[in-house]
Amino acid sequence: MLYHAHELYRSMISPLVYWSEAGAKLFSAPDSWLSRLPGAARLAAGYELAYRLGKPYEKPEFGIHRVEAHGQTIPVVEKCVVEKDFCQLLRFKRFSDDGDAIAELKDDPKVLVVAPLSGHHATLLRDTVKTLLQDHKVYVTDWVDARMVPVGCGPFHLEDYIAYVQEFIRGIGAEQLHVIAVCQPTVPVLAAIALMAQRGETTPCSLTLMGGPVDTRESPTQVNDLAATKPLSWFEHTLIQRVPVGYPGSGRKVYPGFLQHTGFIAMNPGRHFLSHWDFYNQLVRGDLEDAESHRRFYDEYNAVLDMPAEYYLDTVEVVFQRHLLPRGKWLVGDERVAPDTITRTALLTIEGELDDISGPGQTRAAHRLCTGIPESRRRHVTVEGAGHYGIFSGRRWREQVYPLVRDFIRTAPG
């Protein structure tokens, strides 16, 4: 019923939301006589703030149309190369008319970026993808909002996530592939590659794990504490809802995006309040560039998706409550996940010193598990001063982390 109540609330406030949008434009547009009234800037700012706090946020576009690569501006086309019920595999194809540039582009390593299925859309990794495109052929997992998946497509479990990753790796070709998992997928991606190794399949050249919960017993965070202090039944009865009528996935059990978003805000309410207050004052002062930066950030941050209930509950139990991977007790089907069977794949782990989502040591724990990989082909990096998002987005990612990732990929076996 909570999901239905949320939809009813959205419908009730929608007239106010769009009235606020109109008011913001009326009191700020240069050709509107209302914009010349005393106090118009404050009225416009207040209306826009109300509009942005109440409006729905749709899935953003990657919007990557060109990159600087090999000394040239290279056009980029986004295309779906594999379409599954719960995920699309995207490729960002680079083009050039210059023969030398084409030859260099062809020699670039292939990279599969496995995006999180943990609330936000894959577009949260836009900066990650755009930077990687300078030197790599890039594929990205774009997870589908579960409310858009008809019930007839069946459930989606954590084991299905692993199977998707394996299918994508095989489809691209593991022989020349490098995999990067950001945050949540560090666990299923490590499992996927371990299971491939156990079956005698070729595994990727390298695996980079960034800020993920490989072993949440290390430096537990607020996120970990919640999972550890509540029984699984609490998550199922409190957070799991059915998608209401009006969506393709009507009737499907999900962990709704709006509840996830509430949790995101609750982790740092003061920071978000100050950010919105600053946005209001920026509009009043006419600091349009800073105001636009705020819009871009929250257009991404506020766009959330529903997660399949089965997958979410599996993740809570396997990763955060029972710690099955680091304990060596995780069975996928009838196979035990054994990361120590991985030998070919070089391993890089990256953590943020100030990460309050995946605490320091949680990702590094992968090295304790992957003992089959020679130490000479394993490396760990802790990024000083970086929080969770700083290791894959922003200045620290571009200037400190990416060069390490690029060089590690270049030196990994292929």
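The values are calculated or read from the model by the stated rules, or taken from the named source; none is laboratory data. Please read these numbers as outputs of a predicted model, since none were measured by experiment. Neighbour counts run over all protein chains shown; Cβ positions are idealised from the backbone, glycine included.
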Given the conditions (1) at pLDDT below 95; (2) among the charged types (D, E, K, R); (3) assigned by TED's automatic domain parsing to the domain that holds residue 147; (4) farther than 27 Å from residue 144 by Cα, which single one is not true for residue 356?
(4)
Candidate set from region 217-245 (those that are under 14 Å from residue 388 (Cβ atoms) and touching a Ser or Thr at 6+ places or on another chain (Cβ under 9 Å)); member that is modelled with the lowest pLDDT
223
Can you find, within region 382-402, the residue that is nearest to residue 349 (Cα to Cα) among those that are without any contact (Cβ under 8 Å) to a residue 40 or more places away in the chain and crowded, with 20+ Cβ neighbours inside 10 Å?
383
Using the structure shown, decide if residue 40 is more than 21 Å from residue 296 (Cα to Cα) and either among the charged types (D, E, K, R) or not assigned by TED's automatic domain parsing to the domain that holds residue 122 (or both).
yes
Residue ID - surrounded by the most Cβ atoms within 10 Å (Cβ to Cβ), chosen from residues in region 51-67 that are closer than 13 Å to residue 295 by Cα and in contact with a Ser or Thr (Cβ under 6 Å, 6 or more places away or on another chain)
51
Flag for residue 364 being in a loop (DSSP other than H, G, I, E, B), of a type in the set (D, E, K, R), under 20 Å from residue 204 (Cα atoms) and modelled with pLDDT of 95 or more
yes
Flagged in region 367-386 as in a loop (DSSP other than H, G, I, E, B), touching a strand residue (DSSP E or B) at 6+ places or on another chain (Cβ under 7 Å) and of a type outside the set (A, V, I, L, M), in numbering order, are 370
Hey, does region 233-256 have a residue that's surrounded by fewer than 18 Cβ atoms within 10 Å (Cβ to Cβ), out of contact with any Cys (no Cβ under 9 Å at 6 or more places or on another chain), among the β-branched types (Val, Ile, Thr) and not in a loop (DSSP other than H, G, I, E, B)?
yes
Of the residues that make up region 119-132, is at least one aliphatic (A, V, I, L, M), over 20 Å from residue 179 (Cβ atoms) and in the same structural domain as residue 85 (by TED's automatic domain parsing)?
no
Condition met for residue 47 (touching a residue at least 12 places away in the same chain (Cβ under 8 Å), surrounded by 14 or more Cβ atoms within 10 Å (Cβ to Cβ) and in contact with a strand residue (DSSP E or B) (Cβ under 8 Å, 6 or more places away or on another chain)):
no
Tell me, which helices (runs of 4 or more DSSP H) lie completely within region 282-353 with 1 or more residues that are under 25 Å from residue 126 (Cβ atoms) and at pLDDT 95 or above?
309-315
